[in-house]
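The structure under discussion appears below in the form of structure tokens.
The values are calculated or read from the model by the stated rules, or taken from the named source; none is laboratory data. As the structure is a prediction and not an experimental result, all values here were calculated from the model. Glycine also receives a Cβ, built like all others from the backbone with ideal geometry; neighbour counts cover every protein chain displayed. All accessible areas refer to the heavy atoms of the entire protein, side chains included, with ligands and DNA or RNA removed. Shrake-Rupley method; radii C 1.70, N 1.55, O 1.52, S 1.80 Å.
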Amino acid sequence: MRRKLTLAMLAMMSMACLAQKTVSISVENKAKTDRMKAPVVIQLEKYGMNVRKAVVTLDGKEIPCQLDDINGDKRMDELCFLADMERKSKKVFSITLCEEGEQKEYTPEVYVEMLLTNRKVKSTNKQDLYISELKVDRGVNPYWMLHHHGAAFENSMVGYRIYFDHRQTIDIYGKYKEGLELRDTQFYPDEQQKAAGYGDDVLWVGQTFGLGALRGWNGKEPTMVSDVEHRSQRIVARGPLRTIVEVKDEGWKPQEGNEPIDMTMLYTLYAGQRDCDVDVTFSKKADGYLFSTGIINVKNSTEYSDKQGLRGCWGKDWPVSAKDSVGHKRETVGLGIYIPAKYVKSEEVANKDNYGYVLSTPTDKLSYKITFGSDNEQFGYHNAEDWYTYLQQWKKEIEQPLIIKEL
């Protein structure tokens, strides 16, 4: 009996070995500053496997990781994990990829939600029609179809939402203390939650860029993402380490006279980071098109710009329209945007609405990053000087990324 059992075990182990691969990944931080919870992303296509499970270890100790199917073809495209990288350090991680089994569930450090508005539920923080995706045709405005008007996502530091309409504005949720809150507040805390120290909407965006909305450009001013055949939002990844929300516009004409182009945007938020990645892919080379983005000119704000793709502001205003201001207070926020210089065609002079940019790309790709801080935070920034110092350090880290190599 023992011999048969041993042979069976050996057979199972052999089959497991055929269905898995272990690789070693070197991660190096050459910067003079620590990079805590720094994202490490591994593309899985090169391994030629239909990965269903992954385990990442450092010095023999397992650390949380995440597998994501980015394009929705039922195959995992990326593996990500977070690395605490001290200044001038190098670490080697072991990654085991398996074609069998189920991915381990780690403690969630992020959260994302989309909800249809349920008219039968009067409470703004107890909506219950959860969805993962919504696509609408030309002429349909889904803004009021969705609770909090589009997908909302957060980590312990910050929260974002993306308006599901022609503006596609990114709005923000500021916190007092670190933690996940949107499952409880659904972006609209009640009076009891506010008294308990929950965060809230901290920015009024109107028709502005808000925090980094991407739009067209007609030669004089931004144009909305209005002329589209289909518009959709989809939750790509729910955690535990990052959320990814896809926004797609099919058949969009950024300028009058342009041929239609499809635009797919991925908004990625990692645990432990206050910034959000914006990665855009077009259906063809977009060298004949002009785009625009930037940040809202918050009332009474000061501005920072290094004239090389980094721009920020620090100001104070009501977070809602005047007619809705009851129960709210003026909010002080810092906003920031980083655009690689290769995409910047011009930095526009600030107007009453925006600190803007005109963008172009010679390829089918365009990427930038957005970030913000609320003066409410017990853990963040509380004056313009400190905020602008953070923005400068943020840019340095972006332009000196971790060096990731397979050994």
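The string of couplings for region 91-105 from the Karplus curve (6.51, -1.76, 1.60, θ = phi - 60°) is 9, 10, 9, 9, 10, 10, 10, 10, 8, 10, x, 10, 5, 5, 8 Hz, one whole number per residue in order, with x for Gly and Pro. Distances between placed amide hydrogens fall under 5 Å for residue 117 paired with 146, 147, all partners being 5 or more residues away or on another chain.
Computed on the chain, with alpha-carbon pairs under 8 angstrom and 6+ residues apart, the relative contact order is 15 percent.
When the surface is traced with a 1.4 Å probe over the full set of protein chains, residue 148 keeps roughly 0 Å² accessible.
Axis of helix 2-18 versus longest Cα principal axis of the chain: the two differ by about 40°, to the nearest ten degrees.
Across region 289-368, Cα-Cα distances exceeding 15 Å account for 59% of all pairs.
Straightening the chain between residue 302 and residue 207 buys 32.2 nm, computed as 0.36 nm per residue apart minus the Cα-Cα spacing. Diagonalising the gyration tensor over the Cα atoms of the chain and scaling each eigenvalue by 5 before taking the square root yields semi-axes of 37, 24, 24 Å, largest first. Among the GluC sites (Glu not before Pro) in region 185-278, those placed in a DSSP loop whose Cβ has at most 14 other Cβ atoms within 10 Å are 229, 256. Distance between the 7 Å Cα→Cβ label points at residue 135 and residue 386: 4.7 nm.
Charged neighbours of residue 41, selected by a Cβ distance under 11 Å, balance to -3 (K, R count +1; D, E count -1). Largest accessible area first, the listed residues 92, 110 line up as 92, 110 when surface is computed with a 1.4 Å probe on the assembled protein chains. When you filter the GluC sites (Glu not before Pro) in region 73-135 for DSSP loop state and at most 15 other Cβ atoms inside 10 Å of their Cβ, you are left with 86, 99, 100, 102, 105.
Loop-located chymotrypsin sites (Phe, Trp or Tyr not before Pro) in region 279-383 (DSSP state not H, G, I, E or B) with no more than 13 neighbouring Cβ atoms inside 10 Å: 379. Pairs of alpha-carbon atoms within less than 8 angstrom and 6+ residues apart define the contacts here; what relative contact order does region 59-215 have, in percent? Answer for region 59-215 is 16 percent.
Remark: for residue pairs 37/405; 220/316; 307/345; 248/285; 122/177, the C-alpha separation exceeds 22 Å in 220/316; 122/177. The solvent-accessible area of residue 194, taken with every protein chain present and a 1.4 Å probe, is close to 60 Å². Rounded to the nearest 10 degrees, the inclination of helix 384-399 to the longest alpha-carbon principal axis of the chain is 40 degrees. For region 241-289, the share of accessible area belonging to carbon and sulfur comes to 38 percent (1.4 Å probe, ligands and nucleic acids excluded). Kirkwood analysis of the Cα pair distances in region 262-334 returns a hydrodynamic radius of 15.7 Å.
Scoring 209-221, 391-403 by mean Cβ neighbours within 10 Å over their residues and listing the highest first yields 209-221, 391-403.
Look at the alpha carbon pairs under 8 Å that are at least 6 residues apart: their mean separation over the length of region 254-349 gives a relative contact order of 19 percent.
Close amide H contacts of residue 301 (hydrogens built in the peptide plane, cut-off under 5 Å, sequence separation of 5 or more or a different chain): 316.
Along region 336-349 the Karplus relation, 6.51 cos²θ - 1.76 cosθ + 1.60 evaluated at θ = phi - 60°, assigns HN-Hα couplings of x, 9, 10, 10, x, 4, 5, 9, 7, 8, 7, 9, 7, 5 Hz to successive residues, with x for each Gly and Pro. Over the chain, accessible surface divided per residue gives 48 Å², non-protein components excluded, 1.4 Å probe. Taking the Cα centre of region 160-243 as reference, the dipole from Cβ charges on Lys and Arg (+1) and Asp and Glu (-1) amounts to some 340 debye.
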